[in-house]
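The values are calculated or read from the model by the stated rules, or taken from the named source; none is laboratory data. Fair warning: this is a prediction, and the values are worked out from it, not measured in the lab. Here the Cβ positions follow ideal geometry from the backbone for every residue, glycine too, while neighbour counts run over all protein chains shown. Note: areas computed on protein heavy atoms with side chains; ligands, DNA, RNA excluded. Shrake-Rupley method; radii C 1.70, N 1.55, O 1.52, S 1.80 Å.
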Amino acid sequence: MSSSVDALVRPGLGGGLGDVVRSRFLLKLLVRKELKVRYRGSILGLLWSYVKPGVQFIVFYIALGVFLGLEKSPRNPDGLPNYAVYLFSGIVLINFFTEALGNAARSIVGNGGLIKKIYLPRELFPVASVWVSAVHFFPQLVVLVGACFVAGWHPNVIQLGAALCGFILVALLATGLGLLFGAINVYFRDSENFVDMLLMIATWASPVMYASTMVQSKLGDVWYNIYQTNPITIAVEAFHYAFWLPTTDGSAGIPPHLLSFWIPVGIVVSIAVLILGQLTFRRLEGRFAQEL
């Protein structure tokens with residue numbers, strides 16, 4: 001008889017995100033499955049990754065850059081130079097976040113049939129949703145880089161590093177919130193509507209279509225600093241710093257201490273959200289099969 005006794009584990013309880021790392025092959029299969037299902041019967045397929053943000057960009061650029069005068073011009077010297085690059089660099093990142101969180105929040109319920117049949121690490125589903133969104137993000141990034149080169153892009157290594165930090169920051173935040181709302185959604189389906197409202201707010205609560213200096217001038221320094229603690233705001237500013245600022249003469253406004261203070265703050269907040277999401281997920285996952 002063995003002298004050691006294996007610890008009892010509550011049924012349905014996995015090993016957290018560590019299981020995702022150990023199940024990389026399953027993650028790869030889930031990502032492939034999600035991509036195939038999404039574009040099944042579609043004529044354009046992955047080209048929708050270009051069409052949808054392209055249409056979104058044109059609508060916002062005409063409405064905000066032309067009609068509302070956010071584009072710098074001889075008639076509007078106070079506007080943003082190269083507003084098209086400014087706008088698109090924010091759109092590609094916010095689209096990544098909204099798609100990743102929206103799909104991750106529905107991933108457990110959407111894969112309920114599979115979860116009820118076999119056991120596999122349930123964290124795989126929200127994480128796979130974020131990976132699928134990253135697959136859609138990179139074609140948009142290629143278009144953004146091409147537009148930046150046309151506009152005279154001349155980045156340095158620090159600016160490229162800031163863009164990478166911005167992407168990682170958003171990926172961590174989307175994963176954490178996806179785990180949180182994905183688990184809650186099993187028990188309370190109203191959370192899907194809450195996530196939809198959150199995503200709508202996120203688009204306008206970050207400087208995607210306007211300059212963050214407008215927030216400071218309207219609300220003052222205190223509320224501006226609170227506004228800047230939003231990880232999405234920090235990530236968008238990091239993308240502006242990497243892609244938009246190098247296409248200008250460098251005099252445009254970027255938040256001070258972006259690299260030395262705000263990006264580390266954003267990463268800390270995103271990691272905290274990831275930990276909260278993982279803890280909540282592990283606490284609730286034991287009854288996923290029964291609730292589904």
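Select from 159, 216, 140 the residue whose mean-square fluctuation is largest in a Gaussian network model of the chain (Cα-Cα springs shorter than 10 Å). Maximum fluctuation in the GNM of the chain, among the listed residues, is at 216. Here the alpha carbons of segment 103-198 define both size measures, Rg and Dmax, at 17.2, 55 Å. Let me have the relative contact order for the chain, percent, based on Cα pairs under 8 Å that are six or more residues apart. Value for the chain: 27 percent. With all protein chains kept in place, the per residue accessible area of segment 83-174 amounts to 34 square angstrom at a probe of 1.4 angstrom.
Computed from the mean reciprocal separation of all distinct C-alpha pairs, what Kirkwood hydrodynamic radius does segment 170-292 have, in Å?
Details: mean 1/r = 0.0620 Å⁻¹.
The Cα-based Kirkwood calculation yields 16.1 Å.
Past the 20 angstrom mark, what percentage of all C-alpha to C-alpha distances in segment 208-278 do you count? It works out to 32 percent of all Cα pairs. Distant-in-sequence amide contacts of residue 80, defined by a placed amide H-H separation under 5 Å and a gap of 5 or more residues or a different chain, comprise 71, 72.
Please report, in debye to the nearest 20, how large the charge dipole of the chain is about its Cα centre when each Lys and Arg carries +1 at its beta carbon and each Asp and Glu carries -1 there.
The calculation lands at about 1060 debye.
Just in segment 45-153: which chymotrypsin sites (Phe, Trp or Tyr not before Pro) are loop by DSSP and have at most 14 other Cβ atoms within 10 Å?
Working: sites: 48, 50, 57, 60, 61, 67, 83, 86, 88, 96, 97, 119, 131, 137, 149, 153; in loops: 119, 153.
Taking segment 45-153 and a limit of 14 other Cβ atoms within 10 Å, the loop chymotrypsin sites (Phe, Trp or Tyr not before Pro) found are 119.
For the chain, taking Cα atoms only, Rg and Dmax work out to 21.0, 87 Å respectively. Residue-wise HN-Hα couplings along segment 127-139, as the Karplus relation 6.51 cos²θ - 1.76 cosθ + 1.60 with θ = phi - 60° gives them from phi, are 5, 4, 4, 5, 5, 4, 5, 5, 4, 6, 6, 5, x Hz; Gly and Pro carry x. Can you list the lysines whose alpha carbon sits under 26 Å from that of residue 36, skipping same-chain ones fewer than 8 residues off? Excluding near neighbours in sequence, the set is 28, 52, 116, 117.
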